[in-house]
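Comments concern the structure below.
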Amino acid sequence: MKQDFYEILGISKSADAAAIKKAYRKKAIEFHPDKNPGNKEAEENFKKAAEAYEVLSDPQKKAKYDQYGHQAFDGAGGFGGGGMNMDDIFSQFGDIFGSAFGAGFGGFGGGNSGPRRVKGSNLRIKVKLTLEEIANGVEKKVKVKRKVQAKDAHYKTCPTCNGQGQVMRVTNTILGRMQSATTCHTCGGSGQVLESKPKDADAQGMIMVDETVSIKIPAGVVDGMQLKVSNKGNDAPGSNSIPGDLIVAIEEVEHEFLKREGENLHLDLYISFPEAVLGVTRDIEAVNGKVRIKLEEGIQSGKILRLKGKGIPSINGYGNGDLLVHVNVWTPKNLNKEQKQFFEKSITEENFIPKPEKSEKSFFEKVKDMFS
């Protein structure tokens with residue numbers, strides 16, 4: 001089982017942003033590859049800490065993790081599925097370490113020895129899912145337009161920083177001469193600039209292409225949830241760059257009959273007055289096809305039938321929700337003379353006088369049961 005993100009960083013769920021950042025910095029410095037050369041266990045802990053921080057430092061991701069756990073991000077080969085490598089970590093979180101490993105926090109195993117790997121921009125798309133697809137999980141193929149490096153684009157060492165990706169500055173202060181490193185403004189930190197490109201490429205040697213991307217969506221996702229497909233965003237210029245990610249926002253298509261509430265589903269079932277009196281067997285709509293239910297004689301309007309396990313699977317793997325069937329007795333508005341006479345004769349008969357039993361629950365008790 002995957003380790004809890006809060007446990008990895010050694011913090012509680014109530015930790016604020018500053019505490020999360022401080023805890024991550026401590027763990028990352030402890031397990032940094034430069035301090036633990038050749039130590040695979042330290043490298044794995046370093047990656048785990050970065051994964052935890054990537055989620056917990058983002059308020060939206062943190063909220064989804066608190067509600068759904070790891071499966072909120074594992075569905076599309078996201079961070080937890082091996083999508084982030086050491087270069088991702090150095091590129092995204094290097095600023096957190098300050099001067100812990102020299103003037104900058106550069107590439108893997110080299111401190112400030114070389115340029116950082118530039119990551120391309122992320123792409124964002126929306127994917128519409130039916131309730132049936134959400135209940136079962138689905139693999140979607142989508143076509144995206146993304147920037148990639150042109151085949152004949154060539155890059156050379158940046159003349160400003162000599163391929164280091166940084167330029168050193170010395171300033172005089174009352175405390176003496178201070179040296180600092182800043183990202184090279186010419187190459188943007190990649191250490192490379194465009195040397196030649198084909199005619200159809202832009203000023204950075206990039207072209208736009210259409211690509212079909214396969215997205216595996218787990219069962220139980222919710223409207224608004226975001227999944228990540230690693231390395232399917234835009235490329236970045238330079239031979240040592242890495243692509244951005246494809247962010248997939250889930251949009252749930254409203255079902256014609258079923259209403260979703262978390263992992264439970266609700267269905268309004270209307271029956272006629274004779275059916276309520278005599279009882280009836282009905283086939284009702286469920287997320288995975290029809291389900292046959294039997295309604296007892298004398299069933300009352302407002303009765304809620306709970307069908308266990310007929311709802312939406314939990315994204316955390318805790319089983320399925322339920323299908324709650326709300327029985328509504330349809331009262332006829334237009335009666336012929338003979339029908340009216342029947343009810344007029346019956347109105348004073350003992351069997352037609354309301355006599356709710358103690359076992360009959362009130363409306364408020366039914367609502368309470370529904371949410372329990």
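The values are calculated or read from the model by the stated rules, or taken from the named source; none is laboratory data. Not measured: the values here are computed from a predicted model. Here the Cβ is made from the backbone with ideal geometry for all residues, glycine too, and neighbour counts use every protein chain on show. The area values use the complete protein model at the heavy-atom level, side chains included, leaving out ligands, DNA and RNA. Shrake-Rupley method; radii C 1.70, N 1.55, O 1.52, S 1.80 Å.
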- Lone unmet requirement of (1) touching a residue at least 24 places away in the same chain (Cβ under 8 Å); (2) open to solvent by less than 80 Å² (accessible area, probe 1.4 Å) for Val167: (1)
- Would you point out the residue of segment 259-274, among those that are touching a residue at least 40 places away in the same chain (Cβ under 8 Å) and either outside the structural domain of Val291 (by the TED database) or farther than 21 Å from Gly137 by Cβ (or both), that is most open to solvent (accessible area, probe 1.4 Å)? Tyr270
- When segment 225-245 is examined, which residues are found to be of a type outside the set (Ser, Thr, Tyr), buried (at least 19 other Cβ atoms within 10 Å of the Cβ) and part of a loop (DSSP other than H, G, I, E, B)? Met225, Lys232, Gly233, Asn234, Asp235, Ala236, Pro237, Gly238, Pro243, Gly244, Asp245
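The rows are residues; the columns are (1) of a type in the set (A, V, I, L, M); (2) over 28 Å from the mean Cα position of the chain (by Cα).
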| residue | (1), (2) |
| --- | --- |
| Glu296 | no, yes |
| Gly309 | no, no |
| Tyr318 | no, no |
| Val325 | yes, yes |
| Phe343 | no, yes |
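Do you know which of the residues in segment 286-321 that are of a type in the set (D, E, K, R) and surrounded by fewer than 16 Cβ atoms within 10 Å (Cβ to Cβ) is farthest from Thr130 (Cα to Cα)?
In this case the residue turns out to be Glu297.
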- Message: Return the residues of segment 1-22 that are part of a helix (DSSP H, G or I) and within 16 Å of Lys47 (Cβ to Cβ); say none if nothing qualifies.
- Response: Phe5, Glu7, Ile8, Leu9
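Return yes when Leu267 is over 32 Å from the mean Cα position of the chain (by Cα) and on the phi < 0 side of the Ramachandran plot and no when it is not.
Against the criterion (over 32 Å from the mean Cα position of the chain (by Cα) and on the phi < 0 side of the Ramachandran plot), Leu267 does not qualify.
Can you confirm whether segment 42-58 contains a residue that is basic (Lys, Arg), open to solvent by 30 Å² or more (accessible area, probe 1.4 Å) and touching a Ser or Thr at 6+ places or on another chain (Cβ under 9 Å)?
Let us first name the residues in segment 42-58 that are basic (Lys, Arg), namely 47-48.
This time we only want the ones that are open to solvent by 30 Å² or more (accessible area, probe 1.4 Å), so: 47-48.
Then drop every residue that is not touching a Ser or Thr at 6+ places or on another chain (Cβ under 9 Å), which leaves none.
Scanning segment 42-58, I find no residue that is basic (Lys, Arg), open to solvent by 30 Å² or more (accessible area, probe 1.4 Å) and touching a Ser or Thr at 6+ places or on another chain (Cβ under 9 Å), so the answer is no.
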- Of all the residues that make up segment 30-71, how many are in contact (Cβ under 8 Å) with a residue 60 or more places away in the chain and more than 30 Å from Tyr318 (Cα to Cα)? 4
- Test result for His70, open to solvent by 60 Å² or more (accessible area, probe 1.4 Å) and either at pLDDT 95 or above or of a type outside the set (Lys, Arg) (or both): no
- Query: In this structure, does Ala201 turn out to be in contact (Cβ under 8 Å) with a residue 40 or more places away in the chain and either farther than 20 Å from Arg117 by Cα or of a type in the set (Ser, Thr, Tyr) (or both)?
  - Reply: yes
- Message: So if I check each of Val222, Val248, which one is crowded, with 20+ Cβ neighbours inside 10 Å, under 16 Å from the mean Cα position of the chain (by Cα) and either among the β-branched types (Val, Ile, Thr) or part of a loop (DSSP other than H, G, I, E, B) (or both)?
- Response: Val248
